[in-house]
Structures are given as C-alpha cells and as structure tokens.
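Shown next, in structure tokens, is the structure this report addresses.
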Amino acid sequence: MIDIRRTDSDDLDFKALVKRLDADLAERDGADHGFYSQFNKIDKIRHAVVCYEDGQPIGCGAIKAFDEQAMEVKRMYVSPEGRNKGIATRVLTELETWASEMGYAKCVLETGKRQPEAIALYEKNAYRRTENYGQYVGVENSVCFEKVLKN
C-alpha cells in the first residue's frame with residue numbers, strides 16, 4: 001500500500017531520505033557537489049511530502065516559495081527499492097496540488113544533467129525546459145524547468 005503524507009523539514013523520515021539523496025548526488029556531482037549543496041539546505045522547509053510503501057519511507061520531495069507566482073520543487077528522491085513504481089510522479093503530483101491549493105500559478109525547478117532519470121520524470125510530467133534561473137544562470141550542468149499549474 002502506498003501513502004503520501006504532507007509534513008515539513010523537521011520530519012525524521014524526510015531527513016533520512018534527504019540524507020540518502022545527498023549521498024547519491026555527492027557521487028554523481030563529484031567536485032560540483034559543494035556548489036549545489038549550498039542551495040539545498042532543508043531547515044525551515046514548511047512544505048514537504050514523504051511517500052510510504054507498506055509503512056516504509058521510500059520517497060520525498062518539497063516545495064518552497066520562489067516568488068509570488070511560483071513554488072520551487074526541491075529535494076525530490078525515491079530510494080532504489082521504490083523506483084519504477086510511479087512513486088516520483090505521485091510525490092511530484094502531490095507537491096503540485098499543494099502549491100495550487102496555496103494559490104501558486106506554477107512550479108519551477110533545477111536538476112542536473114547527470115540525473116537523466118530526473119530529467120525524464122519532469123518531461124513526462126509536462127515540465128518544459130526554461131532558461132537557467134537565479135544561481136543556476138551560466139551553470140553548465142544545470143537544467144531548469146517550469147510547469148503552469150491548473151488552478
């Protein structure tokens with residue numbers, strides 16, 4: 001059975017999954033990891049979700065205000081044992097629903113070129129590539145996306 005729970009960055013299951021995400025990204029990003037990690041702090045995230053399969057935490061994601069119109073999707077992760085089951089799409093859909101409920105018009109996000117499965121996930125879920133924004137302008141490894149939400 002799959003359950004999704006809304007929470008925040010104080011949630012212990014969310015913290016544990018983010019720790020696994022950070023270990024995976026450190027391996028993928030190599031020397032670039034320090035640059036990216038400075039933008040991925042989870043303290044004070046008020047909108048996070050954790051996905052459970054049979055009571056075990058297997059996926060997570062979060063959103064935070066980007067500007068008055070957009071929420072930024074952050075900290076998306078599905079553990080290896082939860083992959084290829086549609087978990088990431090369920091987490092992403094829950095985050096989009098939450099953003100829409102709060103009156104935001106779109107979601108934006110950044111991912112890395114070394115994460116082809118993440119790029120495929122966002123493209124499959126109707127995100128379109130945009131110019132790199134904010135701290136990611138001019139960063140060769142970054143790919144930015146946005147999706148207009150249905151309100």
Review point. Taking the condition of a type in the set (Ser, Thr, Tyr), assigned to a loop (DSSP other than H, G, I, E, B), within 25 Å of Lys44 (Cβ to Cβ) and touching a residue at least 24 places away in the same chain (Cβ under 8 Å), does Tyr77 pass?
Key: no
Practice item. Give me a count of the residues in the range 28-75 that are surrounded by fewer than 19 Cβ atoms within 10 Å (Cβ to Cβ), at pLDDT below 60 and either under 23 Å from Tyr127 (Cβ atoms) or among the polar types (S, T, N, Q) (or both). Key: 7
Study note, to complete from the structure: How many residues of the range 110-151 are surrounded by 18 or more Cβ atoms within 10 Å (Cβ to Cβ) and basic (Lys, Arg)? The answer is 1
Exercise for review: Determine whether the range 103-113 contains at least one residue that is farther than 27 Å from Ala16 by Cβ and among the aromatic types (Phe, Trp, Tyr).
Suggested key: yes
**Study point:** Search result, residues across the range 107-122 that are under 14 Å from the mean Cα position of the chain (by Cα) and among the charged types (D, E, K, R)
**Key:** Glu110, Glu117
**Study point:** the range 113-139 residues that are closer than 15 Å to Glu72 by Cα, paired with ones that are surrounded by 12 or more Cβ atoms within 10 Å (Cβ to Cβ) and among the acidic types (Asp, Glu) (beta carbon under 6 Å, 6 or more apart)
**Key:** Thr130/Glu146; Tyr136/Glu110
Point to revise | Test for Glu72: is it of a type in the set (Asp, Glu), under 15 Å from the mean Cα position of the chain (by Cα) and assigned to a strand (DSSP E or B) | key: yes
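The values are calculated or read from the model by the stated rules, or taken from the named source; none is laboratory data. Because the structure is a prediction, the values reported are computed rather than measured. Counting neighbours? That spans all protein chains shown, and the Cβs are built from the backbone with ideal geometry, glycine included.
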